[in-house]
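Data block below; observations after.
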Amino acid sequence: MAVKSVSIRMEEEMLHKLSFVADYEGRSLNSHILVLIRENIRQFEERNGEITKAELSPENNVKPGRKM
């Protein structure tokens with residue numbers, strides 16, 4: 001699996017707080033963010049079903065409509 005890089009913008013105070021929590025949990029900031037992302041995906045799939053590889057194909061890589 002290829003590892004990609006993503007840049008995000010956030011408020012400075014949020015970054016400091018997130019870094020504090022990561023340090024408290026004994027993780028680097030990057031590792032802590034990955035834990036949070038994995039947990040979010042797990043929760044999403046519990047509610048909505050597993051995200052399949054077909055749904056991840058480039059031709060389907062568009063922002064989905066909002067769930068009403």
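The values are calculated or read from the model by the stated rules, or taken from the named source; none is laboratory data. Predicted, not measured: the structure shown is a model, and the values here were computed from it. Neighbour counts are summed over all protein chains in view; Cβ atoms, including those assigned to glycine, are modelled from backbone coordinates with ideal geometry. Note: accessible area is taken over every heavy atom of the protein model, side chains too, but ligands, DNA and RNA are not part of it. Shrake-Rupley method; radii C 1.70, N 1.55, O 1.52, S 1.80 Å.
When we screen L56, L36 for residues that are of a type outside the set (K, R) and at pLDDT 95 or above, the only hit is L36. Annotation note: of I8, I51, I41, the sole residue that is within 15 Å of the chain's Cα centre (by Cα), at pLDDT 85 or above, outside any helix (DSSP H, G or I) and surrounded by 10 or more Cβ atoms within 10 Å (Cβ to Cβ) is I51. Are any of the residues in the range 22-29 outside any helix (DSSP H, G or I), of a type in the set (S, T, Y) and modelled with pLDDT of 95 or more? Yes - at least one qualifying residue is present in the range 22-29. Every condition in (1) of a type outside the set (K, R); (2) at pLDDT 95 or above; (3) open to solvent by 80 Å² or more (accessible area, probe 1.4 Å) is met by L18 except one, and the failing one is (3). V62 falls short on exactly one of the conditions (1) open to solvent by less than 70 Å² (accessible area, probe 1.4 Å); (2) modelled with pLDDT under 95; (3) not charged (D, E, K, R), and that condition is (1).
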